[in-house]
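The values are calculated or read from the model by the stated rules, or taken from the named source; none is laboratory data. All values derive from a computational prediction rather than experimental measurement. Please note: Cβ atoms are built from the backbone with ideal geometry, for glycine as well, and neighbour counts cover all protein chains shown. The accessibility values were calculated without ligands, DNA or RNA, using every heavy atom of the protein model including side chains. Shrake-Rupley method; radii C 1.70, N 1.55, O 1.52, S 1.80 Å.
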Amino acid sequence: MPLHLSPTFRDALEAASRPLAGMWSCTGSPLVAEICAGSGLDWLLIDMEHSPVSLESVLAQLQAVAAYPITPVVRVPAADAVTIKQVLDAGAQNILVPMVSSAAEARAAVEAVRYPPRGRRGVGSALARSARWNRVDDYLAHADAHVSLFVQIESVAGVEAAAEIASVDGVDGVFLGPSDLAASLGLLGQQTHPDVVAAVLRTFEAVRAAGTPVGVNAFDPDAAQSYLDAGASFVLVGADVALLARASEALAARWVTTDGATRASY
């Protein structure tokens, strides 16, 4: 029986009448990913770069969220063609490649997600979840339509090359990482510093002028809103681990005294 794949994140952005809001999935837990998938958010970033997330965990999370109206995007740990091939074969349809600082690096990422002759993705669809083990008709012929690629600008060099990066054929969107960008500017830990914000906004202008969607990571609600007002098409506004950390701290603040004893009411 022929099977049909879900629309890509590229398709979701094209169809949206508003910016799309998402969150990070960093625990590696399919159960947590499934809880987040039912939240009502638009997209979920499964992170392999800064999280203990293996290929098997990516697969399990993709399976766990498949039944929900949310678009999963997998951030690979690096622009490595082998890793990208494996993540695609596991069924990821949307890839985010971090630390892209030049058009050449963006083109290499495009080649990694495309089959020859347009790219260098290894062919193993008969063995892989990507084509549902050859149950998706003409998967190889239409693979480009089933996969979207987003690249992440996180450095001064990337900001300067933003227009060229956004213009690379096959780059479906550009995502800004203010944390590493701040570090690149010598402002480690100062994501909302005026110089960082100015660099983000300058990148917004260059990417949008190229006709490419642009997004940004912004946990601070005021920062997120200001970036949306500046034209961001998609944002990440939280993370599973951060939500758990802050909520558990709030419980401790409410129920544990300063000497470590549990509060009691009589």
Exercise. What are the principal axis extents of the Cα atoms in the stretch 110-261, in Å, biggest first?
Worked result: 64, 39, 26
Problem set entry | From phi via Karplus (6.51, -1.76, 1.60), per-residue ³J(HN,Hα) for the stretch 53-60 in Hz, x at Gly/Pro | 9, 9, 4, 5, 5, 4, 4, 5
Problem set entry | Derived scalar couplings ³J(HN,Hα) [the stretch 14-29; Karplus, 6.51 cos²θ - 1.76 cosθ + 1.60; whole Hz; x for Gly, Pro] | 5, 8, 6, 9, 8, x, 9, 9, x, 9, 7, 10, 10, 6, x, 8
Seminar exercise, completed: When the charge dipole of the stretch 1-104 is computed with +1 on Lys and Arg Cβ and -1 on Asp and Glu Cβ about the Cα centre, the Cα farthest towards its positive end, among 99, 73, 15, belongs to 15
Problem set entry | Read-out semi-axes √(5λ) of the Cα gyration tensor in Å, derived from the coordinates shown; its label in (i) 32, 25, 16; (ii) 26, 21, 18; (iii) 37, 26, 15 | (i)
Exercise. How far is the Cα center of the stretch 191-257 from the Cα center of the stretch 115-162, in Å?
Worked result: 27 Å
Exercise. Just how large is the dipole of the stretch 191-250 about the Cα centre, in debye to the nearest 20, putting +1 at every Lys and Arg Cβ and -1 at every Asp and Glu Cβ?
Worked result: 180 debye
Problem set entry | Pairs of Cα atoms farther than 20 Å apart, the stretch 64-159, % | 36 percent
Exercise. Carbon and sulfur together cover what percent of the accessible area of the chain at a 1.4 Å probe radius?
Worked result: 57 percent
Exercise. Say a paramagnetic label sat at a point 7 Å from the Cα of residue 190, along Cα to Cβ; which residues of the stretch 213-233 have their backbone N under 18 Å from it?
Worked result: 223
Exercise. Once amide H atoms are built 1.01 Å from N in the peptide plane, which residues 5 or more positions from residue 45, or in another chain, come under 5 Å H to H?
Worked result: 23, 24, 25, 73
Seminar exercise, completed: Bridge orientation stat for the chain from DSSP, antiparallel percent rounded to 5, came to 5 percent
Problem set entry | Relative contact order %, the chain, counting alpha carbon pairs below 8 Å whose residues are six or more apart | 18 percent
Problem set entry | Mean Cα-pair separation over length for the stretch 132-266, i.e. relative contact order, pairs under 8 Å, 6 or more apart, % | 18 percent
Seminar exercise, completed: Helix-only [θ] at 222 nm, the chain, -39500 (n - 2.57) per DSSP H run of 4+, per residue, nearest 500, equals -11500 deg cm²/dmol
For this session: List the residues whose amide H sits under 5 Å from the amide H of residue 173, counting only those 5 or more places along or on another chain, with H placed 1.01 Å from N in the peptide plane.
Result: 151
Exercise. How high is the relative contact order of the stretch 77-118, in percent, counting Cα pairs under 8 Å that sit 6 or more residues apart?
Worked result: 53 percent
For this session: Please list the non-local residues whose amide H lies under 5 Å from the amide H of residue 8, H modeled 1.01 Å from N, same-chain partners needing a gap of 5 or more.
Result: none
For this session: Please work out whether the stretch 29-99 counts as rounded, prolate or oblate from its C-alpha gyration tensor, where a ≥ b ≥ c are the square roots of the eigenvalues and a/c under 1.5 means rounded, while otherwise a/b larger than b/c means prolate and anything else oblate?
Result: prolate
